[in-house]
Ligand code: 0RA
């Protein structure tokens with residue numbers, strides 16, 4: 001079959017039509033062959049990405065000013081419906097493709113943005129791959145459009161049209177409905193998580209002020225009422241900051257907020273200082289979380305430092321004339337969300353979440369300089385509190401620096417002298433090396449004996465490490481366990497963090513399978529999240545999975561990592577006769593890593609051939625930050641609420 005180019009006389013329409021079909025089939029095949037390339041993965045993440053992709057199209061419609069409501073429903077069979085009240089996907093025949101516009105959108109990769117260029121579009125990272133990708137990865141998909149007084153429908157099966165676009169008759173209103181069933185032949189996980197979707201949809205509602213988003217779960221809910229949530233914030237990012245601040249006490253009652261439209265970008269910013277020590281800055285471009293920052297963040301940081309210093313000097317709020325505040329100082333205890341909307345965003349970086357457009361830096365910097373100066377001038381009381389807080393941060397940092405300088409000879413962070421407790425590995429290529437952070441000296445001892453010393457290093461940690469959520473930087477840096485980790489990892493912290501000097505590409509948290517172990521793991525994750533965020537983003541943090549039981553009979557032995565596995569092994573050793581222990585079968589329950597001998601620890605938890613590692617990743621930085629505050633901050637009430645709300649998900653943590 002040959003595909004010829006045709007002229008406008010209509011000759012060769014047949015060939016053109018065939019050529020189009022071949023093109024569509026090729027596109028489909030590419031997506032189904034390598035789904036990961038288009039939606040990130042075929043597990044939970046990719047599955048949820050399908051929903052985001054469909055929702056993004058409605059959000060684009062909202063950003064263009066034509067859509068005010070989006071409704072997402074999870075059905076009993078984990079199919080999903082997204083309804084919006086936008087203009088409706090075009091149904092007229094596309095001039096070059098010769099089929100209805102909706103069919104073009106549903107079958108051609110990246111066709112989404114081809115219709116009109118004059119509006120903001122979600123198009124970064126994995127986003128913006130187009131609804132055709134969702135179509136290709138769905139067992140079936142149905143699209144319904146209402147526009148120009150009529151209703152239309154089309155159905156697809158695994159991306160191939162089952163029906164032509166049908167006209168269903170007259171109808172009022174306008175909008176698009178897409179319902180799809182993720183293909184079980186593609187995805188290893190099919191169950192959608194309400195909370196995961198809820199977090200992203202809530203975020204989208206904050207980012208698109210006034211937009212109403214509803215999330216409805218029609219699946220059975222253990223006899224409980226079905227879940228429905230509505231997200232609708234007239235306050236936009238100010239409401240977002242209020243939400244993110246959680247239980248921390250604000251330093252000034254009024255949230256600093258502005259929005260402005262410039263040639264280069266639309267800019268919206270909200271910020272507020274509180275009594276905490278962490279920095280919570282989140283930046284978005286066209287609704288996409290720019291985890292890796294970029295030009296807009298650079299502009300924001302420069303403006304914050306400059307404006308706050310200027311104000312302090314002008315109003316004689318510094319003791320010494322030369323006293324100045326660093327970027328870290330002015331961002332301590334700050335919750336800040338910056339959202340910019342750009343016509344043609346360039347996304348760079350490892351995960352394509354870093355804004356590259358150079359013109360945006362100046363636009364943001366100028367806007368923030370202007371607006372923040374106005375706020376400080378109009379709110380002198382707030383301004384004073386902010387400066388005082390930053391000055392305290394600066395003093396603490398100075399004290400920490402002096403302490404570090406003093407200790408430099410012995411164990412300073414920059415000295416390159418490794419901590420004494422570290423049993424390092426012998427090879428030096430970081431990409432091959434692993435660091436085990438082990439709970440307790442006794443497990444540390446077993447790990448040291450059991451490991452492969454060529455590429456596995458062991459750092460035993462004594463008891464509970466410091467909760468960094470409740471401590472200022474000087475205290476954090478004077479903590480011995482934390483210093484040992486920073487030096488061993490070798491990449492610094494915070495603004496000085498540099499992945500290039502990282503000494504191990506796998507950093508593995510290995511704690512006991514009990515409540516204390518879970519607590520220590522959370523403390524460590526809090527530390528990495530607040531001080532070495534990039535380490536998590538780049539996928540270097542892992543959690544080891546030690547077994548819970550050893551089931552053995554004579555020379556046969558099995559390690560069970562769950563209650564189900566334990567039962568299964570007992571059944572196997574008992575020749576399928578039931579789950580009773582007896583006839584020489586014995587079950588040992590491991591209460592801690594220390595109960596395993598070095599050989600067992602190696603076999604079950606450290607040997608790359610047999611171990612299971614969980615990679616830690618963050619779906620949503622803003623929500624994660626709020627959660628860490630809830631769980632690790634100084635207020636007890638939110639922690640209790642979280643535990644009550646989530647207790648049913650905790651399965652035999654301390655068996
Ligand atoms: C292209 C052009 C127009 C609307 C849309 C796409 C559109 C796509 C989706 C996907 C989900 N909901 C959507 N709503 C609208 C505008 C066509 C016109 O000018 O009327």
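Structural remarks
- Exclusive hit being surrounded by fewer than 20 Cβ atoms within 10 Å (Cβ to Cβ) and in a strand (DSSP E or B), set 557, 565: 557
- Meets criteria (modelled with pLDDT under 95 and either under 20 Å from residue 512 (Cα atoms) or touching a strand residue (DSSP E or B) at 6+ places or on another chain (Cβ under 9 Å) (or both)) for residue 462: yes
- Residues (away from the ligand (no atom under 13 Å from the Cβ), in a strand (DSSP E or B) and under 29 Å from the mean Cα position of the chain (by Cα)) located in segment 129-164: 138, 139, 140
- If you go through segment 161-188 and keep only what is surrounded by fewer than 17 Cβ atoms within 10 Å (Cβ to Cβ), out of contact with any strand residue (DSSP E or B) (no Cβ under 6 Å at 6 or more places or on another chain) and touching a residue at least 60 places away in the same chain (Cβ under 8 Å), you end up with just 188.
- Residues of segment 491-542 classified as closer than 20 Å to residue 631 by Cβ, assigned to a loop (DSSP other than H, G, I, E, B) and out of contact with any strand residue (DSSP E or B) (no Cβ under 9 Å at 6 or more places or on another chain), total: 2
- Answer residue from segment 509-527, given it is at pLDDT below 95 and in contact with a helix residue (DSSP H, G or I) (Cβ under 6 Å, 6 or more places away or on another chain) and is nearest to residue 632 (Cα to Cα) among those: 526
- Being modelled with pLDDT under 75 and either over 28 Å from residue 506 (Cβ atoms) or touching a helix residue (DSSP H, G or I) at 6+ places or on another chain (Cβ under 7 Å) (or both) is a property that does not hold for residue 572.
- From the list 207, 244, 251, 237, the lone residue that is in contact with a helix residue (DSSP H, G or I) (Cβ under 6 Å, 6 or more places away or on another chain), in contact (Cβ under 8 Å) with a residue 12 or more places away in the chain and over 24 Å from residue 528 (Cα atoms) is 251.
- Lone qualifier among 31, 102, 39, 80 - being closer than 26 Å to residue 217 by Cα and at pLDDT 95 or above: 80
- Test: residue in segment 54-74 that is away from the ligand (no atom under 16 Å from the Cβ) and either modelled with pLDDT of 95 or more or over 12 Å from residue 187 (Cβ atoms) (or both): yes
- Pair list, Cβ under 6 Å, 6 or more apart: segment 454-468 residue over 15 Å from residue 593 (Cβ atoms), other residue in a loop (DSSP other than H, G, I, E, B) and modelled with pLDDT under 90: 466/479
- Tally of residues being part of a loop (DSSP other than H, G, I, E, B) and either within 14 Å of the ligand (Cβ to nearest atom) or surrounded by fewer than 18 Cβ atoms within 10 Å (Cβ to Cβ) (or both) across segment 75-101: 17
The values are calculated or read from the model by the stated rules, or taken from the named source; none is laboratory data. Fair warning: this is a prediction, and the values are worked out from it, not measured in the lab. When we count neighbours, we look across all protein chains shown, and the Cβ atoms used for this are built from the backbone with ideal geometry, even at glycine.
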